[in-house]
Amino acid sequence: MPTVTRNRDCVVHMKSDSFTVALAPSLIASGWTGGSGVMWSDSGASDKFMVEQSDGLYGGMLLFGSDELSDKWTGLSDNQTVYSFATICTGGWVVSTVSFETYTWASRQAGPLVAITYTAGEKLYWSLRGLYTNTDEWSESGDPRAPNTFVVGRVVAAPSVTNNYYLTAQTNL
Amino acid sequence: MPIAPRNRDCVVLKRGESITVSLSDGLLASGWQGGQGVVWTAPAVGVDEFKVGVSDGWVAGLLLDGSNESGDQYTGLTGNQVAYGYAVLCYGNWLLMTRTIERYTWASRQGGPLVDIVYVESAPLFLSLEGKLTTEDEFTLSGDPRAPNTSYIGYVCQVPSVDNDYYLTFQMSA
């Protein structure tokens, strides 16, 4: 039975470093879930530290989602997308998050969907869409940057009914 | 002559991140020294907790305090971690001195005679197959299918010698 309250996309068990960053227009347009991976992005002529959705590289993860249920009817509603800023998490956090790949990269291309099995202790990477995964999607997709050696953390606890199907991760960002 | 008091298995010079974790049955049965390397392991079915077991090369971090250190005797900490099944996990960026290290090479530990590992400042550190600090990649040496071990845990700051009570000082980056 879950004993930890998991009421957001990304629930913090241990804090580490954090920073405020500007958001790329593409990220604002698409939205994101809390715990999503982001990478540094060119901010053009402005002197801002800007991030966009990760495609396997990392800068860190965004703590809060762009449109979380818990933020509704509060001062945080749409706050990040309106002001184009968010909190990036770097260093060693321990979090439970919904922002992870549920199905393998190959099965997401053509189906039928095959669930990824996560195991405590194994390495985590960002997927091509900035979600935690335990596989190297650069190699699987034939990306010329393969193999992806950017390890972003470790599995603390695999998703299960016991933890509301959240992935618990120790980050190394 | 040593000038820093080294009165525990693992002495902290600079703190990094830490979190309280549940301990595996194996770890509780065997006991451990401060500075023991551990790895995340699956909790019991139906239990929502974060559990670690003895590392065999992978890294979650190090346990700060040993299970039965002389510095804890006759205090409220005596047997505390083992009784409750919890301990403090260190990860992130620490500067630590510890004697929980491999003294001899993996090869010489298999059949002897024992050969000292020569630690060198700035050398990268791994966890051994027994979860102790070493400069050797024991995945590769032992033919482990997970080789090579790319899970660095830190770098040597000061090598063990008579001048530091044979403690290894290292910068943890895990």
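The values are calculated or read from the model by the stated rules, or taken from the named source; none is laboratory data. This structure is a prediction, so every number in the text was calculated from the model and none was measured. Here the Cβ is made from the backbone with ideal geometry for all residues, glycine too, and neighbour counts use every protein chain on show. Heavy atoms of the whole protein, side chains included, go into the accessibility calculation; ligands, DNA and RNA do not. Shrake-Rupley method; radii C 1.70, N 1.55, O 1.52, S 1.80 Å.
Looking only at residues of segment A:84-132 that are without any contact (Cβ under 8 Å) to a residue 40 or more places away in the chain and of a type in the set (Phe, Trp, Tyr), we find that the one that is surrounded by the fewest Cβ atoms within 10 Å (Cβ to Cβ) is A:103. Going through (1) within 14 Å of chain A (Cβ to nearest Cβ); (2) free of Cβ contacts under 8 Å to residues at least 60 places away in the same chain one by one, residue B:139 falls short only on (2). Checking each residue in segment A:47-66 for being under 25 Å from residue A:16 (Cβ atoms) and open to solvent by 30 Å² or more (accessible area, probe 1.4 Å) picks out A:48, A:49, A:52, A:53, A:55, A:57, A:58, A:64. If you go through segment B:32-51 and keep only what is more than 8 Å from chain A (Cβ to nearest Cβ) and crowded, with 18+ Cβ neighbours inside 10 Å, you end up with B:32, B:33, B:34, B:35, B:36, B:37, B:38. For residue B:29, the criteria (1) more than 14 Å from chain A (Cβ to nearest Cβ); (2) crowded, with 20+ Cβ neighbours inside 10 Å; (3) not in a loop (DSSP other than H, G, I, E, B) hold in every case but one, which is (2).
Scanning segment B:139-157 for residues that are over 15 Å from the mean Cα position of the chain (by Cα) and either surrounded by fewer than 16 Cβ atoms within 10 Å (Cβ to Cβ) or part of a helix (DSSP H, G or I) (or both) yields a count of 11.
Of the residues making up segment B:1-55, those that are of a type in the set (S, T, N, Q) and within 15 Å of the chain's Cα centre (by Cα) are B:18, B:30, B:33, B:36, B:55.
Evaluate segment A:38-50: report whether one residue or more is among the small types (Gly, Ala, Ser) and within 11 Å of the chain's Cα centre (by Cα).
Looking through segment A:38-50, none of the residues is among the small types (Gly, Ala, Ser) and within 11 Å of the chain's Cα centre (by Cα).
Kindly establish whether residue A:138 is touching a residue at least 24 places away in the same chain (Cβ under 8 Å) and out of contact with any helix residue (DSSP H, G or I) (no Cβ under 6 Å at 6 or more places or on another chain). For residue A:138, the condition - touching a residue at least 24 places away in the same chain (Cβ under 8 Å) and out of contact with any helix residue (DSSP H, G or I) (no Cβ under 6 Å at 6 or more places or on another chain) - is met. Those residues that are buried (at least 19 other Cβ atoms within 10 Å of the Cβ) and assigned to a loop (DSSP other than H, G, I, E, B), I need them from segment B:118-134; list them, please. Passing the criteria: B:119, B:128, B:129, B:131, B:132.
Taking the criterion of being of a type in the set (Val, Ile, Thr) and surrounded by 20 or more Cβ atoms within 10 Å (Cβ to Cβ), the residues of segment A:133-161 that qualify are A:133, A:152, A:155, A:156. Restricting attention to segment B:42-85, the residues being in contact with a helix residue (DSSP H, G or I) (Cβ under 9 Å, 6 or more places away or on another chain), outside any loop (DSSP other than H, G, I, E, B) and touching a residue at least 60 places away in the same chain (Cβ under 8 Å) number 1.
Mind checking which residues of segment A:1-40 are touching an Asp or Glu at 6+ places or on another chain (Cβ under 7 Å), within 20 Å of residue A:69 (Cα to Cα), more than 11 Å from chain B (Cβ to nearest Cβ) and surrounded by fewer than 18 Cβ atoms within 10 Å (Cβ to Cβ)? If the condition is that a residue be touching an Asp or Glu at 6+ places or on another chain (Cβ under 7 Å), within 20 Å of residue A:69 (Cα to Cα), more than 11 Å from chain B (Cβ to nearest Cβ) and surrounded by fewer than 18 Cβ atoms within 10 Å (Cβ to Cβ), then A:31 is the only one that fits.
Does residue B:24 satisfy being more than 18 Å from residue B:125 (Cα to Cα) and open to solvent by less than 40 Å² (accessible area, probe 1.4 Å)? When the stated conditions are applied, residue B:24 passes them.
In segment B:98-117, the qualifying residues are those that are open to solvent by less than 50 Å² (accessible area, probe 1.4 Å) and not in a helix (DSSP H, G or I), and the one that is nearest to residue B:11 (Cα to Cα) is B:98.
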